[in-house]
Amino acid sequence: MAGMASRGGTAAGIRSGRGFLLMLGVIAGCAFLLRLGVWAELGAVNGGRNSVYAPSVLTDLATYMKLGREMAAGEYTGPFYYQPFYYAVFLPGCYLLSGGSIGFVIFVQSLLGAATSYLAGLASARLFGKTAGCIAAVFTAISTPLLLNTPYHQNETLQTFNLMLLFYLALRACECWNLKRWAAVGAVTGIAILTRGNINFFLPGLLAALIWAGRQHKAGPGRIAAAAGLFAAMVLLVQLPFALHNTRVTGKLSGPSTAADAVLALGNSPEAPAGGRDPELPAGPMEYPEAYGRMMNRAENGVGVPAQMFEWMRREPAAFFELQLRKLLLFWDWREIPNNVSLLGPGGGAESSLILRWLLPGRSLVLLPLGLAGLVLAAVRAYRRRDVRLWLLVYCAAAYWAATALFYILSRFRAPILPLVAVAAGGFASWFLRRWRRSPERRRQLLLCGGGGLVAAFWLVSSGYEFYRNNLEAALARFCRPDGTVVAFGGTPYRLDYGPMTFGGWSEIEMRRGQKLAKRFPDFDKPGEAEWTLLADSAGRLRFRVNGRTVTRAVEHPGLVKLRFPVMPESGLFLLEIVDFPGKCSLLFDRQRNYGRSELDGAPLDGEWLFRLYDSPDPVK
């Protein structure tokens, strides 16, 4: 009951704090202006011929723009592949109101960004006080990933608003429990799921909060059951028209989108990297390994990707969960992983926008450590005070973390949770400042506990993934996959000892005539076919000897080259000697894998050569 009284006092203080609400309004106004400024800067690149107004047809930006226009014109007839709310409701609505104006879409998205900042401030103030509210609103207003996403046709800005609105409505429903509020929470949850399906992970926590808060407000079992039923009905009702459309078009029972298999397979194949693209690269496509293609082929033949993931988990549980661990770690890494757009890579937003370049406090390296420390503080308080609202904050952040890691990590996938992280960051910063002012005699303890926690969070965000990648990944891969990566489904079985290129340890050694490479595949004593990946700067012909037999292969283009040739390993070992090659070539090996099965000129290699071995020869392309 003391916690309930404290919550009531906080809410009353916010309602009577007109100055505080005015301050939030000013911060939201600044957030709006910053977004308009970034739009002006990025929209002016290359005279307007850029991803803001004319994105490449290969990107999701162009796909959303095209689908939105088709929906607005009533010409869309296919199934909803992506989660449909953005391109089937939001974009057509904007286009119909503005005569198809791209600028109007960006203007509305800028308003949504400002509203998100305001809601983050309100939510943090209700949980931690007005100082926390102002800090949360500022962090949301200046967050450079959120600013970057605003002027583009992708659903991150809408989903960021959806999540912040969902959390704020759930917070208010826990404080003032009634059926109408939980119906509203259900409707917004349904919209958020229609915008991105990982919000399904929020459902258990929201239902638990509904029951917990209902019991705290002395609601009877019948009333709680009615609220839960109404919540669930609203979640489903919002999605129903899209699910019915897909069921009618595909001829089988279907949900509101059909893309789940592709997204799950990309981040959960035996060859999958933890993230979609290396952070230092410009915007561009992700890595699609061969195992991904095989999983999708099996999905088309009736074996769903979730079932295939379960097969892999049962077959290699350690390898499956090691990949999930890498994704969980990478989620909190400070770097922004590009996809359709890039913040810091070559040609990224920071090159063209002074706001994005110089707004350093808006970088995730500042927000994420404070947010992590704040989530720990919220968890401790939730346990001590039995405060359902703080528990809900921690649950939503954890659920989003897990849901995103289940797929794969991109900056645009992480962005929607940043305002909730800002809510927690505001809580930690205000708690630390308040304790520092009020208890001078306990500042040393505060620095040890609060400061030490913040330093630990900063290390995790700034260095945690790289520490794992450079010091632990090779040993864990050796433990989890002693035979390397073996893909035995969907076609000719193959095996390899190296990891993905993305977030991998691929390194170069200059190729020289006479070099001798050794590669061992354990327990392989039958004819097979090897695929050798190397780097060339020009086309030509490459000659080499494999176990004494001379092989010649064409290097058809500069860049990464994959050469295939038949092999007959002797006790699992094949020896390759370089005879001649065009121009300048480099041998490639992976430092993040080390099974002790690769050698160069008789000496062990600090990694593994980029060879994969197929069980039986396929036609060489």
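Below are the figures for this structure:
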item: log10 of Debye I(q)/I(0), alpha-carbon scatterers only, for segment 292-434 at 0.17, 0.22 Å⁻¹; result: -1.03, -1.28
item: Convex hull per residue volume in Å³, alpha carbons only, for segment 367-435; result: 78 Å³
item: Potential extension, A226-L281 segment - 0.36 nm per residue separation minus Cα distance; result: 14.7 nm
item: Cα centre as origin, Lys/Arg/Asp/Glu Cβ charges: segment 431-534 dipole, Debye; result: 1000 debye
item: Net dipole in debye of segment 492-615 [+1 Lys, Arg Cβ; -1 Asp, Glu Cβ; about Cα centre; nearest 20]; result: 280 debye
item: Among M313, V461, P55 the positive-end extreme of the charge dipole of the chain (Cβ point charges); result: V461
item: V579 long-range amide H proximity, modeled H, under 5 Å; result: G514, R543, F544, R545
item: Mean ellipticity per residue at 222 nm, deg cm²/dmol - from DSSP H runs of n ≥ 4 across the chain, formula -39500 (n - 2.57); result: -17500 deg cm²/dmol
item: Restricting segment 360-414 to chymotrypsin sites (Phe, Trp or Tyr not before Pro) in coil, as DSSP defines it, with at most 15 other Cβ within 10 Å; result: none
item: Those trypsin sites (Lys or Arg not before Pro) in segment 166-247 that DSSP places in a loop and that have at most 16 other beta carbons within 10 Å; result: K218
item: Dipole magnitude of the chain about its Cα centre (Cβ charges: Lys, Arg +1; Asp, Glu -1), debye to nearest 20; result: 2760 debye
item: Extension gain from L33 to F467, taking 0.36 nm per residue of separation minus the Cα-Cα distance; result: 152.4 nm
item: Convex hull of Cα atoms in segment 221-325, direction-averaged projection (nm²); result: 10.7 nm²
item: Computed accessible area, E280, all protein chains, 1.4 angstrom probe, square angstrom; result: 120 Å²
item: Global form of segment 85-189, assessed from the alpha-carbon gyration tensor, a/c cut-off 1.5; result: oblate
item: Accessible area, probe 1.4 Å, largest first, for residues S98, S342; result: S98, S342
item: Share of Cα-Cα pairs in the chain lying beyond 41 Å, as whole percent; result: 33 percent
item: Solvent-accessible area of H217 with every protein chain in place, 1.4 Å probe, in Å² to the nearest 10; result: 60 Å²
item: Solvent exposure, largest accessible area first (probe 1.4 Å, DNA, RNA and ligands not counted), of S463, S571, S586; result: S571, S463, S586
item: Length released on extending from S507 to L560, taking residue separation times 0.36 nm less the Cα-Cα span; result: 17.8 nm
item: Cβ crowding within 10 Å averaged over residues, with 158-165, 357-364, 428-435 ranked highest first; result: 158-165, 428-435, 357-364
item: Residues of type lysines that K218 reaches as a straight line, Cα spacing below 22 Å, ignoring anything fewer than 8 places off in the same chain; result: K180
item: Positive-pole candidate from F611, A539, L588, dipole of segment 520-621, charges at beta carbon; result: A539
item: List K526, K562, ordered by accessible area with a 1.4 Å probe, largest first; result: K562, K526
item: Average accessible surface area per residue within the chain, 1.4 Å rolling probe, Å²; result: 41 Å²
item: A402-D523 pseudo-label distance in nm [points 7 Å out on the Cα-to-Cβ vector]; result: 3.5 nm
item: Percent accessible area from carbon and sulfur atoms, segment 19-443, protein chains only, probe 1.4 Å; result: 66 percent
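The values are calculated or read from the model by the stated rules, or taken from the named source; none is laboratory data. Since the structure is predicted, the reported quantities are computational estimates derived from the model, not experimental observations. Neighbour counts are summed over all protein chains in view; Cβ atoms, including those assigned to glycine, are modelled from backbone coordinates with ideal geometry. Just the protein is used for accessible areas: all its heavy atoms, side chains included, with ligands, DNA and RNA removed. Shrake-Rupley method; radii C 1.70, N 1.55, O 1.52, S 1.80 Å.
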